[in-house]
1. Here is a list of conditions, (1) touching a Phe, Trp or Tyr at 6+ places or on another chain (Cβ under 9 Å); (2) free of Cβ contacts under 8 Å to residues at least 40 places away in the same chain; (3) over 21 Å from Asp131 (Cβ atoms), and Ile184 meets all of them except one; can you say which number that is?
2. Looking only at region 348-382, count every residue that is more than 16 Å from Cys315 (Cβ to Cβ) and among the aliphatic types (A, V, I, L, M) and tell me the total.
3. When region 360-411 is examined, which residues are found to be more than 14 Å from the ligand (Cβ to nearest atom), assigned to a helix (DSSP H, G or I) and farther than 25 Å from Asp307 by Cβ?
4. Does Glu272 satisfy being in the same structural domain as Ala208 (by TED's automatic domain parsing), at pLDDT below 95 and either within 14 Å of the ligand (Cβ to nearest atom) or over 30 Å from Trp416 (Cβ atoms) (or both)?
5. What about Met291, is it in contact with a helix residue (DSSP H, G or I) (Cβ under 7 Å, 6 or more places away or on another chain), among the aliphatic types (A, V, I, L, M) and under 30 Å from Phe412 (Cβ atoms)?
6. Within region 32-73, can you find the residues that are out of contact with any strand residue (DSSP E or B) (no Cβ under 7 Å at 6 or more places or on another chain), in contact (Cβ under 8 Å) with a residue 60 or more places away in the chain and among the small types (Gly, Ala, Ser)?
7. Conditions: (1) in a loop (DSSP other than H, G, I, E, B); (2) over 30 Å from Leu168 (Cβ atoms). Gly68 meets all but one. Number of the miss?
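The values are calculated or read from the model by the stated rules, or taken from the named source; none is laboratory data. Computed from a prediction, not measured in an experiment: that's the story for all the values here. Note that we place each Cβ from the backbone using ideal geometry, even for glycine, and neighbour counts take in every protein chain shown.
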Amino acid sequence: MRHLVWFRSDLRVADNPALFEACVNGATVSAIYIDCLEQWQSHGRSAIQRDFLSRHLQALSAELSQLGIDLTLLEVARFSDVPQCLAAWLAKHPHDALYANREIAIDERRRDKAVQAHLKNTPSIHVFNGDCVFNPGSLTTQSGDMYKVFTPFSKTWLAQLRASGFRLLPPPNAQAKPLTPRDIELKGERVSSNHWPCGERAAAQRLAQFCESHLYDYGHARDYPAVAGTSGLSPYLALGVLSPNQCLAAIEQQLGFLPMSRGEQGFAWLNELIWREFYRHLMVAFPQLSMNRAFKPDTEGLQWSQDSGAFQAWCQGQTGYPIVDAAMRCLNATGWMHNRLRMIVASFLTKDLHLSWRQGEDYFMSCLIDGELAANNGGWQWAAGTGADAAPYFRVFNPTTQGERFDGKGEFIRQWLPELADVPTKYIHSPHDWLNQHQPAHQYPAPIVDHKRARLHAIAMFDALKDNS
Ligand code: FAD
């Protein structure tokens, strides 16, 4: 028996259901990865993530070769080319069965359907859930629908965890003698991701260190961007170098138990993993989320601004609001942004500048090393008031008080805005009067909008929807 594993966003050998199942019963196993550069570009994904992906394919090739499994890179332009490419490759390298873990976004699902139709079950195809603790579609309300808000979803998710636990698979046994790994290098624009260590072991180490040092005070420390209080695991989770089951296992190993309710040690971090699952389950239940559509259909009628100058100022960190500007410059320089800051800049783009969440979503995707459709779309729609969120639309973050609360001494701001280096802490969140008085030649822009007025305008935009309905 010859089994083929098709790797996609599951670049790991441990806890990989498709790989694990392909390797039982002593089959001869080989592996492929199909790169679609044009598709990558049309999904607007970042050059730093492409570099991270390329490095991880090389690392995966090395891991698999230790197990006697050869990883071949196939290259086509778009998903629509995949069925023929795969069929042609299989004609030269016949296999009895094809194993893969499911991907959730609509283009990927359509690609898989087309492959299925083209191959006509030769080889037989076996698909698994490799990136959620519980299979999307398996957690529903009593009437069988997907939850539309987080809290009841999380209750059901936790009940399921209590009832069934989670399943963690070991790496498969070696299938043959070790091979020499192939050199794998992706084409296309890349920006160095070397700041992030590469490979499953590096991810596992980061996970263990985080659980040992930060799991206990995560609930508090996670909100302060100047503090390394979060795990920094999102780039690994986004490419599937790490699985959510491995995160649960690490929590359990650290605490000796899995926290199941608010207030229990470690629960705050577990809760973020449930948010990740929520957005993935939503994406499967509501395919329109992959198609640029608002989760709340009535909000499609919002009259977003078309001000390209304001958008450029936001992208470049030149809005005159220090916490927003520091966050955006950090994103531009590193490809990563702290969650609190993502919420602040997303609220600012949509509720202060009145620009569409789609513009922010696309810009994030083009910069982030952890860019991932479900969480990115979910986060943007949450912030814009168009998404799966129980909070009222008139929740508008005040960028100045957010800065005061979460970067009180301005440490993060000073790290990214050198022009504010000398501003005393007392003025760091509204530095203009001080700058005008003490450094009249300063280059820091005046606030691009008046927050109070902008907030009222945002609320009026939503009120207008009610009037029109
Ligand atoms: P931790 O706080 O250590 O959390 C652990 C893991 O849980 C994260 O790695 C991530 O996989 C998951 N997670 C945490 N918070 C969330 C959340 N709110 N929603 C979904 N999953 C979460 N996350 C991405 O992985 N990719 C994105 O493209 C992305 N875009 C976002 C856009 C906006 C506007 C917002 C508000 C949030 C976005 N997030 C995204 C969610 C979150 O900001 C990041 O997952 C988090 O900052 C990553 O840092 P960490 O690994 O240190 O997280």
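1. Among (1) touching a Phe, Trp or Tyr at 6+ places or on another chain (Cβ under 9 Å); (2) free of Cβ contacts under 8 Å to residues at least 40 places away in the same chain; (3) over 21 Å from Asp131 (Cβ atoms), Ile184 violates only (2).
2. Within region 348-382, residues that are more than 16 Å from Cys315 (Cβ to Cβ) and among the aliphatic types (A, V, I, L, M) number 4.
3. Glu404, Arg405, Glu411
4. It is false that Glu272 is in the same structural domain as Ala208 (by TED's automatic domain parsing), at pLDDT below 95 and either within 14 Å of the ligand (Cβ to nearest atom) or over 30 Å from Trp416 (Cβ atoms) (or both).
5. The answer is no for Met291.
6. Gly44, Ser46, Ala47, Ser54, Ala59, Ala62, Ser65, Gly68
7. Looking at each condition in turn, Gly68 falls short on (2).
Residues are listed down the side, and each one gets a yes or a no for (1) under 23 Å from Asp10 (Cβ atoms); (2) out of contact with any helix residue (DSSP H, G or I) (no Cβ under 7 Å at 6 or more places or on another chain):
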| site | (1), (2) |
| --- | --- |
| Phe166 | yes, no |
| Asn173 | yes, yes |
| Glu189 | no, no |
| Ala221 | no, yes |
| Ala226 | no, no |
| Ala250 | yes, no |
| Ser261 | no, no |
| Phe267 | no, yes |
